[in-house]
Amino acid sequence: MALGDAAGAGRPLHVPERLSAGAYARISMNRDTSRPSSVPPRQLPWRSSAPHLRTVGDAGGGGVLDLGLLPDELMREVVRGHPEAAFVVSDQDGGTLVHANARAAELFGLPADLLPGLVADRFATPYDRNGEPVDPADSPLGIALRQRIPARASLRYADAQDRALWLDITCRPLDTTVDGHNLVVCYADDITAAKGAERAAAAANRELSAQLADITRLHELTEALGTRGTVEELLTEVLRAGGLLTDARIGVARLYDPATGTLPLAATIGLDDAARTALADWGDTLNHGDTLYGADGSAVIEDIETDPRCTPQFREIARAIGFRSVYCVRLPTADGGWLGNLTWAFPDLNRPTRRQRRLTSTYCRFAGQLLETNQLHEQQRRIATTLQRSLLLEEIPAIPGLDIAARFFPGASGMDTGGDWYDVIPLPDGQVGIAIGDVMGKGVQAATVMGQLRTALRSFALLYGDRPTEVLRHLNALTLNMGLTDMATVVYLVLDPRHGRARLANAGHCPPLLVDRSGPRYLDGGHHVPIGVVPDWSAPEGEFALDPGAFLLLYTDGLVERRGVSIQAGLDRLLTLAVAAPADLDHACNHLVDACLPDGNAQDDVALLTVKRAF
């Protein structure tokens, strides 16, 4: 009987190469058959009826479908009793089923009694792990039949109920032939459950990776907020970052003003001056209080033209600027209140995804807390600056024989106000006391201590006249006694305008700079540690002459200190600038400030006082 001719049947049975197309290399004649199969049977879609078959039992306990004459008992050992589906295929007619065990009949949907007409010749098209259909020639069976090498793969089929069925298929060529046709033994294992677990794990890993990416991105964005000083700068950065998260090009921030009960414009991105002016003039035309925002403090308006929450004014401005959808988020406070709102606008109908909204909302929570701290900081800074200015010398007294000019600049917005100060004190006999100092610390406390030290120094100057060391010694004792500060730097000098003689004492402060006929130089005489460091402050007084036309500069460290630049480099630069300073002291002050603070902002407080002796 020809290979593949069933008893009483006239045509061969084919197992399509596509079925075996999912090979997965585990094929071996010495496979472990000891483990039981717990995989439930599946039904594959058979596409045609079958010829007559007969069932043959064997001592191995596994029923065998015998579609032809097996060459020997070894052929039976290949497939019988194997826990996985096992079958033998010859290369006759491109692939003819020769032999199959009971598990194969179960897995492939063959009825146990093998009634005539129930064996098909082809399976539905299988798909690989990428979801692409597998060519029969590239299947494990096709490779094993044609190339005579082992092959293995995992393939996905749809069963009779159109459910996904994954098979692990292994094919190995046999040395035995039947009627000159090569043979291949195949094993098929149902791995649907394992594949499901694999897909679930992959999905969980993808979700975890996405969450880690989101956390990393939020961390990067929130770190950038720490570099923004003013409220407007911080809000602009929040709008920029929110635009990246939501793919929006336009953003508007409004902050609640409790004094007026309004939401004035605080920052924008993506708008020109005309649009900003229009928004400021119209006010918050989308403010409906708690009715606008959901439980998460956000709101999406997909179509401004039709959404009933939009006022006619808001629709008008949307048309003028050119946006159709908006996403709004409230800026929360730490105690559950709110500071204002943020709005991102889109030119077309749009709705940010759930992930975009979640990220933006989380980011805004961080931003709201930072903004709340920033607002408190700026309020305290305004108080400290006001206090500091009120304690500074309001008007420089006129001193016969001397020209004096001074400047004070608080640190850049976002920096704490320090304790820089200066004073000019008329003394008996026509002399004058000149002081400049800096209190360690920032804010209201530093400004308060500065006022106390200035008042105390003025009192000691009037008591101890022309003895600078005594003035600073008593100032140090008072500071320690009252616990005013841990440290303060002060330069105090006494100048006789008539004779040009001067004496000074320096408690850890920047050295005064003198420019005269001998050239520019720093005065390092009378120098000792800062006030508040040692219990008994004392230093030999320094002396110098202030000739007619000579230029004397006292200053605080904010004029010469810069991040990334040594203090010595700053002092050298100031020396060069002082030589080129204009003769007029007001112009000289402006010259020094413009050169040392080119952007107009000081990183720290800056005080400077210039003195010139008249001819």
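The values are calculated or read from the model by the stated rules, or taken from the named source; none is laboratory data. Being a predicted model, the structure only gives us computed values, none of them experimental. Every residue, glycine among them, receives a Cβ derived from its backbone with ideal geometry; neighbour counts consider all protein chains shown. Just so you know, the surface numbers come from the protein's heavy atoms only, side chains and all, with ligands and any DNA or RNA stripped out. Shrake-Rupley method; radii C 1.70, N 1.55, O 1.52, S 1.80 Å.
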Within the accessible area of the stretch 136-243 (1.4 Å probe), percent carbon and sulfur: 51 percent
Debye intensity ratio I(q)/I(0), log10, the stretch 471-550, q values 0.14, 0.15, 0.21 Å⁻¹ (C-alpha model): -0.50, -0.55, -0.89
With DNA, RNA and ligands ignored, accessible area of residue 358 (1.4 Å probe; Å², nearest 10): 110 Å²
The stretch 131-203: C-alpha pair distances exceeding 18 Å, %: 49 percent
Pairwise FRET efficiency - residue 232 versus residue 295, Cβ, R0 = 30 Å, nearest 0.05: 0.50
Contour excess over end-to-end distance, with Cα ends at residue 348 and residue 445 and 0.36 nm allotted per residue: 29.6 nm
Cβ-based net charge around residue 214, under 9 Å, with every Lys or Arg adding one and every Asp or Glu removing one: +3
Space enclosed by the convex hull of the alpha-carbon atoms of the stretch 232-348, per residue, Å³: 108 Å³
Listed residue (212, 200, 243) projecting farthest to the positive dipole end of the stretch 173-281, Cβ model: 243
Chain lengthening between residue 213 and residue 259 when straightened (0.36 nm per residue, less Cα-Cα): 12.4 nm
Residue-wise HN-Hα coupling along the stretch 144-153, computed from phi with Karplus coefficients 6.51, -1.76, 1.60 (Hz; x: Gly, Pro): 5, 5, 8, 9, 6, 10, x, 8, 8, 6
Spin-label zone in the stretch 542-556 - amide nitrogen under 16 Å from a point set 7 Å from the Cα of residue 522 along the C-beta vector: 553-556
Shape call, the stretch 319-362: gyration tensor on alpha carbons, a/c limit 1.5: oblate
Accessible solvent surface per residue of the stretch 245-372, calculated while the other protein chains remain in place, 1.4 angstrom probe, Å²: 49 Å²
Cβ-defined net charge surrounding residue 246, 14 Å radius [Lys, Arg +1; Asp, Glu -1]: +4
Additional length obtainable on full extension of the chain from residue 277 to residue 378, 0.36 nm per residue less Cα span: 33.8 nm
